[in-house]
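Everything on this sheet refers to the single structure shown next.
We did not get these values from a lab; they are worked out from the coordinates using the rules stated. This is a predicted model, so every value here is computed, not measured. Virtual Cβ from ideal backbone geometry, glycine too; neighbours counted across all protein chains shown.
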């Protein structure tokens, strides 16, 4: 096998591995709002230190890049009824960067800002909200 063929084979293996890692999110929807969880690369695992469980759901804190032009909220609250079972022992979140508009001068100027919004949340089986789904 030539060197260029090896490079092509390596690229295919990397792409295939990336697709498989993303596959289990595909087809998942929010259990209450029925939004699609995943639109390309919106879902990813998060560290358990960023998650705080309560009897009503979870609080998730994710750090955001400094280039965002609008401060992000401190924590997201995910109600118990919107939590889904993760296929592994990790927490996962699906989120999208959304554009919002606000009026600077009534009926004259608008200012845009960007903010992340979560769409789906997955917790390990056996945690407070997941009782053996």
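What FRET efficiency, computed as 1/(1 + (r/R0)^6) with R0 = 22 Å and r the Cβ-Cβ distance, is obtained for residue 99 and residue 59, rounded to the nearest 0.05?
On the way: r = 25 Å, r/R0 = 1.14.
Between residue 99 and residue 59 the formula returns 0.30.
Based on the Cβ-Cβ distance from residue 33 to residue 109, what FRET efficiency comes out when R0 is 25 Å, to the nearest 0.05?
On the way: r = 32 Å, r/R0 = 1.29.
Rounded to the nearest 0.05, the efficiency is 0.20.
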Exercise. Label-point separation (nm) for residue 52 and residue 24, each offset 7 Å from Cα along Cα-to-Cβ?
Worked result: 2.7
